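The values are calculated or read from the model by the stated rules, or taken from the named source; none is laboratory data. Computed from a predicted model, the values in this text were never measured in an experiment. Glycine also receives a Cβ, built like all others from the backbone with ideal geometry; neighbour counts cover every protein chain displayed. In case anyone asks, the SASA skips ligands and DNA or RNA and just uses the protein heavy atoms, side chains included. Shrake-Rupley method; radii C 1.70, N 1.55, O 1.52, S 1.80 Å.
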Amino acid sequence: MKYRSEIVGVGSYTPSNVYTNFDLEKMMDTTDDWIQQRTGIVERRWVDKNVGTSDLALEASLKAIKQANIDKKDLDMIIFATLSPDHDFPGTGCFLQAKLGIPEIAVLDIRQQCTGFIYALSIADKFIQSGTHKNILVVGAEVHSKGLDRTPNGRNVSVLFGDGAGECVLSARELVD
């Protein structure tokens with residue numbers, strides 16, 4: 001039997017703390033005009049001090065699982081892409097796995113930023129096509145705000161980054177000839 005992958009549920013989450021360009025004007029030598037001309041960005045979301053990448057991922061994961069209309073116990077694997085892990089070891093996927101209460105499934109972390117979600121989708125697709133997995137949670141989540149230089153020295157980088165998570169559930173569907 002041959003399988004293809006289908007995205008059956010998606011979810012996203014951003015923290016409630018909104019930082020506008022006007023807020024950044026108070027922290028560093030910049031203006032709303034300067035930021036918008038170079039980036040088009042007007043606001044970004046940053047987490048509170050004790051919030052980690054897996055916390056954002058949990059919120060988005062629950063939405064994706066609900067939209068997929070499956071139980072979290074139906075998941076066979078989590079593939080988690082991030083460059084801002086909760087800790088260096090173990091991978092952040094392990095923390096998400098524990099928060100979801102599904103310790104028996106496989107977890108794979110990809111320490112990749114911008115293209116990490118695409119890599120994770122590709123890997124999940126290969127597991128689905130092989131017939132070994134039926135439902136895979138693909139995660140992309142970042143918490144950059146904790147590492148940003150919010151002084152005038154960090155102006156060129158800090159205005160670009162926010163925190164958030166986006167997930168999808170990939171499920172196996174039989175190929176019909």
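A residue that is under 27 Å from residue 16 (Cβ atoms), touching a strand residue (DSSP E or B) at 6+ places or on another chain (Cβ under 9 Å) and in a strand (DSSP E or B) occurs nowhere in region 110-132.
Per the conditions (1) farther than 23 Å from residue 14 by Cα; (2) among the basic types (Lys, Arg); (3) in a helix (DSSP H, G or I); (4) touching a residue at least 60 places away in the same chain (Cβ under 8 Å), the sole criterion not satisfied by residue 155 is (1). Looking across region 24-38, the residues that are in a helix (DSSP H, G or I) and surrounded by 12 or more Cβ atoms within 10 Å (Cβ to Cβ) come down to 24, 25, 27, 32, 34, 35, 36, 38. Of all the residues in region 120-177, those that are loosely packed, with under 13 Cβ neighbours inside 10 Å, of a type in the set (Gly, Ala, Ser) and within 21 Å of residue 78 (Cα to Cα) number 2.
So which residues in region 6-23 are among the polar types (S, T, N, Q), surrounded by 15 or more Cβ atoms within 10 Å (Cβ to Cβ) and more than 18 Å from residue 72 (Cα to Cα), if there are any at all? Correct list: 14, 17, 21. Taken as a whole, the condition of being assigned to a helix (DSSP H, G or I), at negative phi and modelled with pLDDT of 95 or more applies to residue 59.
Table: residues versus (1) under 22 Å from residue 140 (Cα atoms); (2) modelled with pLDDT of 95 or more; (3) in contact with a Ser or Thr (Cβ under 9 Å, 6 or more places away or on another chain).
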| residue | (1), (2), (3) |
| --- | --- |
| 5 | yes, yes, yes |
| 9 | yes, yes, yes |
| 14 | yes, yes, no |
| 20 | no, yes, no |
| 31 | no, yes, no |
| 42 | no, yes, yes |
| 45 | yes, yes, yes |
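Here residue 83 meets the list (1) out of contact with any Leu (no Cβ under 9 Å at 6 or more places or on another chain); (2) open to solvent by less than 60 Å² (accessible area, probe 1.4 Å) almost entirely, failing just condition (2).
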